[in-house]
1. Is one or more of the residues making up region 55-64 surrounded by 15 or more Cβ atoms within 10 Å (Cβ to Cβ), at pLDDT 95 or above, in contact with a Ser or Thr (Cβ under 9 Å, 6 or more places away or on another chain) and in a helix (DSSP H, G or I)?
2. Of all residues being without any contact (Cβ under 8 Å) to a residue 12 or more places away in the chain and part of a loop (DSSP other than H, G, I, E, B) in region 14-28, which is farthest from the chain's Cα centre (by Cα)? Just the residue, please.
3. Which condition number does THR89 fail, the rest of (1) within 17 Å of ARG128 (Cβ to Cβ); (2) out of contact with any Asp or Glu (no Cβ under 9 Å at 6 or more places or on another chain); (3) of a type in the set (Val, Ile, Thr) being met?
4. Within region 86-130, track down each residue that is in contact with a helix residue (DSSP H, G or I) (Cβ under 9 Å, 6 or more places away or on another chain) and either assigned to a strand (DSSP E or B) or under 28 Å from LEU76 (Cβ atoms) (or both).
Amino acid sequence: MELTPDVREVITAGRLAHLVTLNRDGSPQVACVWVDVEGDEIVSAHLFDQHKLRNIRRDPRVSLSIEAENPENRDLQPYLVVHGRARITEGGAAELLNRLGRRYLGRDDFPPMPSPPPGFVLRIEVERVGGIGPWAPR
């Protein structure tokens, strides 16, 4: 699915995203992640092999939610929900975290360690979007 400019704007605004993966028993596992866009994929970086990554290796279905700006001060806060399939690539986490550190923390020295591990990049192929905002199906 091609990401619209409105969707890209929410993803790259520097707000925490809530990533939902599925545990082995089918229950949800939620984690806050920093996100960016590469092409039409949503990406996040992870230095270590965490529970969410193990869940994705077993079942690639994910959902992501991000609160959006409310410039018109509407009664309902706009938010984006993304449903898709994730894949994990090895390496590149430190570079992506450094880029995201500028956006989320306003600094160029993240992660704050001399030799970070190569880590993993989570890549989400978007299948559909929803929520409240111009990206929501009508």
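The values are calculated or read from the model by the stated rules, or taken from the named source; none is laboratory data. None of the values given here were measured: they were computed from a predicted structure. With ideal geometry, Cβ positions are generated from the backbone for all residues, glycine too; neighbour counts draw on all protein chains shown.
1. yes
2. Restricting to residues being without any contact (Cβ under 8 Å) to a residue 12 or more places away in the chain and part of a loop (DSSP other than H, G, I, E, B), the top hit is ASP25.
3. Going through (1) within 17 Å of ARG128 (Cβ to Cβ); (2) out of contact with any Asp or Glu (no Cβ under 9 Å at 6 or more places or on another chain); (3) of a type in the set (Val, Ile, Thr) one by one, THR89 breaks only (1).
4. Correct list: ALA86, ARG87, ILE88, PHE120, VAL121, LEU122, VAL126, VAL129.
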